[in-house]
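K.L.:
What follows is a single structure, and I will ask about it in a moment.
The values are calculated or read from the model by the stated rules, or taken from the named source; none is laboratory data. All values reported here derive from a predicted model rather than from experimental measurement. Here Cβ is always computed from backbone atoms with ideal geometry, including for glycine, and neighbour counts include all displayed protein chains. Keep in mind that these areas ignore ligands, DNA and RNA; they rest on the heavy atoms of the full protein, side chains included. Shrake-Rupley method; radii C 1.70, N 1.55, O 1.52, S 1.80 Å.
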Amino acid sequence: MNPRAVQGDTVEDPEWDEEAMPETLSISTQTDALKVKKKSHTSLFTLDIKKEQIIDNLRAIYARTDPEEFWKLTYPGTYDFRYAFHNTKVVSPRTPLTPTAERIATLNDVVADFRRAFVLFVDILKSIDQLRDVQEDDKMKIAKSRFAAFYWWLCSTWSAKAGCNGVCYSNGSYHPASISDMPKSEGKHGVRIEYVDYSGVSQKSLENLVEPLRRMELSDEERIVGAVMVILADPVPNVSTKTEKILAEARDFYLELLGYCIKLPEEQQGIRVSTMVLLLASIMELVHLTTDNIQLSDVLHVIDLGDWSQELRDHRYRRQF
């Protein structure tokens, strides 16, 4: 039926073609849709460029080194956490990261690794755009509460890649999980183990974190973006409402960025991201073990790095859910 006839109009135009109208509308609709689609593609392309830039920036942070003449410089003294955060040279120079697990670690290796990991942590934290507007006191709370989790992710992903039976460090050494492999020295009372993992955290890290990561065979992109996700993964206690919102937005962004790093079909991508997120529970168990037993010679080996490090260890992580 002619729609004009329904309205009582007389149909006199022999050129009128009822089939032409839908076709004309279709062309117009398709044109509009094409414009929207083109705009959408442009936006996605721009977003992808931004994601690639962030990933490249993270790669550059891991590759960043100070000039070799600074590697052996030391800054004796005691520094509070805030000063160490903003002046990382007093903690450690940026030496090359070589997580190759070529030798069993000495106590000096462990101390050096802990210091170097802290500097890497600070560099990454300062690179997160969303956190630049966070007030200073809240930044310190974020740094104190999230370093331990970041450190475990770092060591565990390195251990998985290196394939060592223990905890891999940044300086070519590793802490063996087996007591029989731990370094020994001759003393007045006979042979003694230089440092003992009393709480068994090395073995737990292998079973609950390193082995699953090894099976996943993470790409470099997944490792470095995953490290940021670990920093942002859980709420930080006692920060302002504004900071909580900023952290939540940053968390969502880096979760999406982690998905972008996984070059798999959407369904498999979601499963892989979920698996990585579930590993955070294992990381938090290790964090609790090391802070609960920090007075023992566990994987952190009661490192004395001054007041700021004591403050770091005293800042107990508290889950809010």
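K.L.:
In the stretch 231-243, which residues are among the charged types (D, E, K, R) and surrounded by fewer than 14 Cβ atoms within 10 Å (Cβ to Cβ)?
P.N.:
Lys242
K.L.:
Next up: I'm checking my understanding of the structure. Among residues of the stretch 41-56 that are open to solvent by 70 Å² or more (accessible area, probe 1.4 Å) and of a type in the set (A, V, I, L, M), which one is modelled with the highest pLDDT?
P.N.:
Ile49
K.L.:
Give the stretch 128-159 a look and list any residue that's open to solvent by 20 Å² or more (accessible area, probe 1.4 Å) and not aromatic (Phe, Trp, Tyr), or say none.
P.N.:
Within the stretch 128-159, Asp129, Gln130, Arg132, Asp133, Gln135, Glu136, Asp137, Lys139, Lys141, Lys144, Ala148 meet the criteria.
K.L.:
Now for a separate question. Mind listing whichever residues of the stretch 62-84 are part of a helix (DSSP H, G or I) and free of Cβ contacts under 8 Å to residues at least 60 places away in the same chain?
P.N.:
Ala63, Glu68, Glu69, Phe70
K.L.:
Additional query: Does Thr106 satisfy the condition of being on the phi < 0 side of the Ramachandran plot, over 15 Å from the mean Cα position of the chain (by Cα), modelled with pLDDT of 95 or more and not acidic (Asp, Glu)?
P.N.:
Spelling it out, it is not the case that Thr106 is on the phi < 0 side of the Ramachandran plot, over 15 Å from the mean Cα position of the chain (by Cα), modelled with pLDDT of 95 or more and not acidic (Asp, Glu).
K.L.:
Next question, about the same structure. Can you say whether Pro93 is under 24 Å from Asp220 (Cα atoms), open to solvent by less than 50 Å² (accessible area, probe 1.4 Å) and free of Cβ contacts under 8 Å to residues at least 40 places away in the same chain, as far as the supplied structure shows?
P.N.:
Yes: the conditions hold for Pro93.
K.L.:
Collect the residues in the stretch 250-284 that are open to solvent by less than 80 Å² (accessible area, probe 1.4 Å) and among the acidic types (Asp, Glu), keeping them in residue-number order.
P.N.:
none
K.L.:
Test Asp113 against the criterion of being surrounded by 15 or more Cβ atoms within 10 Å (Cβ to Cβ) and at pLDDT 90 or above, and give yes or no.
P.N.:
For Asp113, the condition - surrounded by 15 or more Cβ atoms within 10 Å (Cβ to Cβ) and at pLDDT 90 or above - is met.
K.L.:
Return the total of residues in the stretch 68-90 being open to solvent by less than 60 Å² (accessible area, probe 1.4 Å) and more than 29 Å from Lys141 (Cβ to Cβ).
P.N.:
So the count comes out to 0.
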